[in-house]
Amino acid sequence: MPLNPTIEKVTQRIIERSADTRGRYLDRLEAAAEAGPVRAHLTCGNQAHAYAGVPADQDALAKGKAANLGIVTAYNDMLSAHQPFETFPGLIRATARAKGATAQVAGGVPAMCDGVTQGQPGMELSLFSRDVIALSAGVALSHNCFDAALYLGVCDKIVPGLVMAAATFGHIPAVFLPAGPMPSGLPNDEKAKVRQQFAAGEIGRDELMAAEMASYHSPGTCTFYGTANSNQMLMEFMGLHLPGSSFVNPNTPLRDALTAAGVERAMEITALGNDYRPAGRVLDEKAFVNGIVGLMATGGSTNLVLHMPAMARAAGVLLETEDFDEISGATPLMAKVYPNGLADVNHFHAAGGLGYMIGELLSAGLLHDDTLTIAEGGLTAYAKEPKLTDGKLTYSDGARTSENDKILRPPSDPFQKTGGLKLLQGNLGAGIMKVSAVASERHVIEAPCRIFEDQESVKTAFKAGEFTSDTVVIVRFQGPKANGMPELHSLTPTLSVLQDRGLKVALLTDGRMSGASGKVPAAIHVSPEAADGGPLARLIDGDLIRVDAVAGTIEVLTPGALDRAPVSRDLSANKFGIGREMFEVFRQNAGPATTGAASIV
């Protein structure tokens, strides 16, 4: 099937836009690669320090004839998704030794959980933790001892930060090793219902706590299709995972076999052999286009519209919001996974999962099939399915029909003809909406606005019974420069209650929403942000606002509204407490949301 003309056009535009930055990036990559295996340039003293902690491998490391793999791990047991990584280094070292190679934990990176910090001051560190993770991985790899890197990370900011580091050290191969989702627990729609009942005061905290614990109940990624699982999809579509590895449950024989196979593959693609696949060559323009197609076809997290431009810039590739919008317009929505549907990622995987989707999208001409991936065979290999046969990892053709058309459908009969995200532009700036989870009759909301400058004020107004008519809720001064652009996910139950009462409501903000954001129309990431004097700072209560996901617009309709001087806000309270004082340099140097809100690329 020939490549879809829109995909081809957008790809070519990105290549042309990135010609200078990508060219200079590749020049640096080639210079680093030509220097040869890095350990050859270390002094004996350098090497002795590097090898002292691994007596069993000292001889092999000193000889330097086999690959040495650097492990960058985001392990902690605060995150269920990362807890399984506790045992990965032992398996990785054993696998490498069995093949005559070595592996060392090069360093750890922080991994905070948005589920813990939602609605708390710590959430104001969340977005910038991505940049800290990239910097931390850079410190780990700066020892310059490694022929390839293995990245252990899953969740929201962790994978984007690790990809930024992998691109920066793009002369060495990168293999991402996932941990997999926890087994299914309390269905997500039941959990959401309990949250709404609590928000409405119908049940107590004991019932809420019981539901939450029944949902998040064991090691592994949360099972809804939020940012963490969107990250895993992205790594597979972009060729940094082994095929079919994203959604295999932790602590299973197949999970361990895939981890071992990832180690072996990392050894095979170093510059020491004949199949050198540096990360910077994998992370090219076509790979990022494939990732955007995957995001749209699956109805993935809005957070990736923020993260992917930052990831791409680290590899010299320049993405713009219009690229996401045009690809969304050409990509059918093939999956319905919570919050877009009732199924979780385990159900999605059982129905055919990513292998089915990649095979179908390739057949429809919606993916580049000629990208470099860590697996042999390019992206076509990702339409295959891993299995254990007599204890050995094998691959066979993946599903070619959906096992459940309420979860997965082919491009010829999708849930909707366009993807899950929509670019919104107008006199209020530019933002995005996740339309895949919003009922079509709510894609256009026109109503007077209520202005808030933090999410707690919205909840207070709700509890006081102040929302009695259709309303566009505006929460401003939530952008990266104002307070680190926290997710406002704790508003979801409150706004859902209002919507269920029959009101037409929408959220308009320069902040973020969770990857699990659901049925309430939310125009987010609005840029320029209020702290930069953006249009949101000129609005007052009662201004008539139109949020239109059909036309792709966000506008104030009140005459003269934008002639007002922008208001300012005392933001000093955002600068202190729970570590926020250490992040002032990030707030001061953050770019706009449209380019990833990054402070280091």
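The values are calculated or read from the model by the stated rules, or taken from the named source; none is laboratory data. Every value quoted in this text rests on a predicted model; they were computed, and no experiment measured them. A quick note on method: Cβ atoms are made from the backbone with ideal geometry, for glycine too, and the neighbour counts reach across all protein chains shown.
The sole residue among Glu124, Glu30, Glu86 that is closer than 24 Å to Thr270 by Cβ and assigned to a helix (DSSP H, G or I) is Glu30. Taken over region 346-361, the criterion of being out of contact with any Asp or Glu (no Cβ under 9 Å at 6 or more places or on another chain), surrounded by fewer than 24 Cβ atoms within 10 Å (Cβ to Cβ) and under 15 Å from Arg409 (Cβ atoms) is satisfied by His347 alone. Scanning region 468-487 for residues that are crowded, with 23+ Cβ neighbours inside 10 Å and in a loop (DSSP other than H, G, I, E, B) yields a total of 7. Just so you know, in region 424-444 the residues that are of a type outside the set (Lys, Arg), outside any loop (DSSP other than H, G, I, E, B) and out of contact with any strand residue (DSSP E or B) (no Cβ under 6 Å at 6 or more places or on another chain) include one that is nearest to Ser496 (Cα to Cα), and it is Ala437.
Here's the yes/no breakdown for (1) touching a strand residue (DSSP E or B) at 6+ places or on another chain (Cβ under 7 Å); (2) more than 15 Å from Leu362 (Cβ to Cβ); (3) surrounded by 24 or more Cβ atoms within 10 Å (Cβ to Cβ):
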| position | (1), (2), (3) |
| --- | --- |
| Ala297 | yes, no, yes |
| Leu306 | yes, yes, yes |
| Ala310 | no, yes, yes |
| Ala315 | no, yes, yes |
| Glu320 | no, yes, no |
| Ser328 | yes, yes, yes |
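Does Met164 qualify as being assigned to a loop (DSSP other than H, G, I, E, B) and either of a type outside the set (Ser, Thr, Tyr) or more than 26 Å from Asn46 (Cβ to Cβ) (or both)?
Details: assigned to a loop (DSSP other than H, G, I, E, B): no; either of a type outside the set (Ser, Thr, Tyr) or more than 26 Å from Asn46 (Cβ to Cβ) (or both): yes.
Here the answer is no, as Met164 does not meet what is asked.
Within region 1-30, restricting attention to residues that are modelled with pLDDT of 95 or more and of a type in the set (A, V, I, L, M, F, W, C), the residue that is surrounded by the fewest Cβ atoms within 10 Å (Cβ to Cβ) is Ala19.
Considering only residues of region 490-511 that are of a type in the set (D, E, K, R) and more than 19 Å from Gln197 (Cα to Cα), which is surrounded by the fewest Cβ atoms within 10 Å (Cβ to Cβ)? Even if it seems obvious, please write down each step before you answer.
Going through region 490-511, the residues of a type in the set (D, E, K, R) turn out to be 500-501, 504, 510.
Adding the requirement that they be more than 19 Å from Gln197 (Cα to Cα) leaves 504, 510.
Values: Lys504: 17, Asp510: 33.
Of everything passing the filter in region 490-511, Lys504 is surrounded by the fewest Cβ atoms within 10 Å (Cβ to Cβ).
Among the residues of region 322-329, is there at least one that is of a type in the set (Phe, Trp, Tyr), within 24 Å of Val520 (Cβ to Cβ) and in a loop (DSSP other than H, G, I, E, B)? No, that holds for no residue. Within region 413-423, the residues that satisfy the criterion of being buried (at least 19 other Cβ atoms within 10 Å of the Cβ) and not in a loop (DSSP other than H, G, I, E, B) are Leu421, Lys422, Leu423.
Among the residues making up region 75-107, those that are at pLDDT 95 or above, touching a strand residue (DSSP E or B) at 6+ places or on another chain (Cβ under 6 Å) and crowded, with 19+ Cβ neighbours inside 10 Å are Phe85, Phe88, Ile92, Arg93, Ala96, Thr102, Ala103, Val105, Ala106. With respect to (1) more than 30 Å from Asp510 (Cα to Cα); (2) of a type outside the set (D, E, K, R); (3) in a strand (DSSP E or B), the lone exception for Asn404 is condition (3). Apart from one condition, Ala98 fits all of (1) over 28 Å from Val159 (Cα atoms); (2) in contact (Cβ under 8 Å) with a residue 24 or more places away in the chain; the exception is (2). Comparison of Arg24, Arg13, Arg39 shows that the only residue that is over 30 Å from the mean Cα position of the chain (by Cα), in contact (Cβ under 8 Å) with a residue 12 or more places away in the chain, at negative phi and in a helix (DSSP H, G or I) is Arg39. Tell me, yes or no, whether region 445-461 has at least one residue that is outside any helix (DSSP H, G or I), within 23 Å of the chain's Cα centre (by Cα), surrounded by 16 or more Cβ atoms within 10 Å (Cβ to Cβ) and in contact (Cβ under 8 Å) with a residue 60 or more places away in the chain. Scanning region 445-461 turns up no residue that is outside any helix (DSSP H, G or I), within 23 Å of the chain's Cα centre (by Cα), surrounded by 16 or more Cβ atoms within 10 Å (Cβ to Cβ) and in contact (Cβ under 8 Å) with a residue 60 or more places away in the chain.
Only one of the numbered conditions (1) farther than 17 Å from Glu529 by Cβ; (2) surrounded by fewer than 23 Cβ atoms within 10 Å (Cβ to Cβ) is violated by Gly426, and that is (1).
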